[in-house]
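The values are calculated or read from the model by the stated rules, or taken from the named source; none is laboratory data. Because the structure is a prediction, the values reported are computed rather than measured. All Cβ positions, glycine included, derive from the backbone under ideal geometry; neighbour counts span all protein chains shown.
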Amino acid sequence: MKIQRFVFIATLVAGVTAAYLMQKRGESLMTIVKKTINNPLGTLADELKLALMPAQKALPTSV
């Protein structure tokens, strides 16, 4: 497999994976399309950060 083809397939897989993760989080279709077309690898990195980051616990508020 040529390296150019490998990079192309890896980019497609990254975009599809990022789109799936964004859809699962409830993002709008237009947001998903804009982000994944403009930067599929960066979007995947952002989505993986969000998916792997533990949920932030809310601090107790004083009444």
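Some points to look at:
- Scan of the range 1-38 for residues that are assigned to a loop (DSSP other than H, G, I, E, B) and of a type outside the set (Gly, Ala, Ser), ordered by number: Met1, Lys2, Glu27
- Residues that are in contact with a Leu (Cβ under 7 Å, 6 or more places away or on another chain) and either among the acidic types (Asp, Glu) or crowded, with 18+ Cβ neighbours inside 10 Å (or both), drawn from the range 16-46: Ala18
- None of Ala51, Ala58 is small (Gly, Ala, Ser) and either part of a helix (DSSP H, G or I) or at pLDDT 80 or above (or both) except Ala51.
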